[in-house]
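A.B. asks: Sharing a structure below in structure tokens format, with a few things to ask.
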Amino acid sequence: MKTDIEKWLREEGKVFFEDIGIKKGQKIVDFGCGAGHYTIPAAKVVGKNGRVYALDKDTEALNQLTQKAESEGLDNIVPICNQSKELEINLEDESIDVMLLYDILHYMESEKRRRVYENACRILKAGAILSVYPKHRRSDEPLWNLADMELEDVIGEIERAKFHLERKFQKKLIHNGNYDVGYILNFRKR
Ligand SMILES: C[S@@+](CC[C@H](N)C(=O)[O-])C[C@H]1O[C@@H](n2cnc3c(N)ncnc32)[C@H](O)[C@@H]1O
């Protein structure tokens, strides 16, 4: 029997990201990509003419991602280690179609989150999507910097950073290797 992660990486993750709004040929940023459970399916959706920039400060996680990408025959993933300038995103202004912030906001206190939204705004094209999976809020396995925040608080701080909420929906997705049902927030750059 296939594990959740096998099912996700084989097919279901791809369907998920198509529904999120990722399209063939696009340029994506997966900020805090870890070992790539979101990067890999996103790379399958954008295909050989697209690209996924996978950022993490953890070199070991990026090595695992690179191995996984090779075993899947994917050559459209660009791993970026942002260890020294962890909140900077060294990509051109207005060059990205979709940025993912999946299961990462709880790592950063509010000023750091604000800087990440600012960077997102700089690199995203006009009308591009910022897609957020704000796991570990007060009502959802609370942890670290989101433990006192509800979904509406997260929405508020991102809207203040020049985005507007376009879709808020619950979806089944992989989290730490197992399926979970979580809120996904899709914002558009204003
Ligand atoms: C909970 S993991 C999620 C990983 C991935 N999205 C997944 O589920 O497969 C969060 C990741 O964010 C990374 N991270 C945390 N703060 C970061 C920062 N400031 N810059 C880059 N990566 C960061 C961590 O190293 C970790 O790999």
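A.B. asks: Fewest first, what order do D153, D103 take by the number of other Cβ atoms within 10 Å? Can you show the working numbers first?
C.D. replies: Working: D153 15, D103 22.
Listing D153, D103 from fewest to most nearby Cβ atoms yields D153, D103.
A.B. asks: Using only DSSP helix segments of four residues or longer, with each worth -39500 (n - 2.57), what per-residue ellipticity at 222 nm results for the chain after dividing by its residue count and rounding to 500? Walk me through the numbers before you get to the answer.
C.D. replies: On the way: 6 runs with 56 residues, N = 190.
When only DSSP H runs of four or more count, the value is -8500 deg cm²/dmol.
A.B. asks: Which loop GluC sites (Glu not before Pro) in segment 97-149, with loop taken from DSSP, have no more than 15 other Cβ atoms within 10 angstrom of their Cβ? Walk me through the numbers before you get to the answer.
C.D. replies: Details: sites: E109, E111, E118; in loops: E109.
Hits after loop and neighbour filter: E109.
A.B. asks: Quick one: Debye curve from the C-alpha atoms of segment 88-190, no solvent, what's log10 I(q)/I(0) at q = 0.14, 0.16 Å⁻¹?
C.D. replies: -0.51, -0.66
A.B. asks: K48 to F169: FRET efficiency via 1/(1 + (r/R0)^6), r the Cβ-Cβ distance, R0 41 Å, to the nearest 0.05? It would help to have the intermediate numbers written out before the result.
C.D. replies: Details: r = 29 Å, r/R0 = 0.72.
Result of the calculation: an efficiency of 0.90.
A.B. asks: To continue, here is another question. Taking the inverse of the average 1/r across all pairs of different Cα atoms in segment 4-189, what Kirkwood radius in Å do you get?
C.D. replies: The Cα-based Kirkwood calculation yields 16.3 Å.
A.B. asks: Looking at the chain as a GNM with Cα springs under 10 Å, which of F31, F17, F169 has the largest mean-square fluctuation?
C.D. replies: Greatest mean-square fluctuation among the candidates belongs to F169.
A.B. asks: Antiparallel as a % of all DSSP beta bridges within segment 4-189, to the nearest 5? Write down the numbers at each step before the final one.
C.D. replies: Details: 16 of 35 bridges.
If we restrict to bridges inside segment 4-189, about 45 percent are antiparallel.
A.B. asks: Under 1.5 on a/c is rounded, so check that first for segment 1-93, then, if it is not, pick prolate when a/b is larger than b/c and oblate when it is not; a ≥ b ≥ c are the square roots of the alpha carbon gyration tensor eigenvalues.
C.D. replies: Details: a/c = 1.91, a/b = 1.31, b/c = 1.46.
Here segment 1-93 falls in the oblate category.
A.B. asks: Out of residues 5 or more away from F163 or on other chains, whose amide H comes under 5 Å of its own, with H placed 1.01 Å from N in the peptide plane?
C.D. replies: Placed amide hydrogens put R190 under 5 Å from F163.
A.B. asks: Something else now. What FRET efficiency would be calculated for the residue pair L87, T3, taking the C-beta separation as r and a Förster radius of 25 Å, to the nearest 0.05? Walk me through the numbers on the way to the answer.
C.D. replies: Numbers: r = 34 Å, r/R0 = 1.36.
E(calc), rounded to 0.05, equals 0.15.
A.B. asks: With r defined as the distance between the Cβ atoms of E152 and Q67 and R0 fixed at 45 Å, what FRET efficiency is calculated, to the nearest 0.05? Kindly include the intermediate steps, with their values, before the conclusion.
C.D. replies: Numbers: r = 39 Å, r/R0 = 0.88.
Efficiency for this residue pair is about 0.70.
A.B. asks: Residues with amide H under 5 Å of D103's amide H, sequence separation 5 or more or different chain, H placed in the peptide plane at 1.01 Å from N; which?
C.D. replies: Y133, K135
A.B. asks: Would you look at the GNM of the chain, springs on alpha carbons closer than 10 Å, and say which of N76, N178, N145 moves the most?
C.D. replies: Per the Cα network of the chain with a 10 Å cutoff, N178 tops the list.
A.B. asks: What are the trypsin sites (Lys or Arg not before Pro) within segment 40-128 that DSSP puts in a loop, where the Cβ has at most 12 other Cβ atoms within 10 Å?
C.D. replies: Working: sites: K44, K48, R51, K57, K68, K85, K112, R113, R114, R115, R122, K125; in loops: K48, K57, K85.
Those that pass, being in a loop and sparsely packed, are K48, K85.
A.B. asks: Moving on to the next point. With a cut-off of at most 10 other beta carbons within 10 Å, and DSSP calling the residue loop, which trypsin sites (Lys or Arg not before Pro) in segment 1-36 qualify? Please list them.
C.D. replies: Values: sites: K2, K7, R10, K14, K23, K24, K27; in loops: K2, K23, K24.
Sites meeting the loop and neighbour criteria: K2.
Each reported figure results from applying straightforward, stated rules to the coordinates on display, with no laboratory input. These numbers were taken from a predicted model, which means no experiment stands behind them. Glycine gets a Cβ as well: all are built from the backbone with ideal geometry, and neighbour counts include every protein chain shown.
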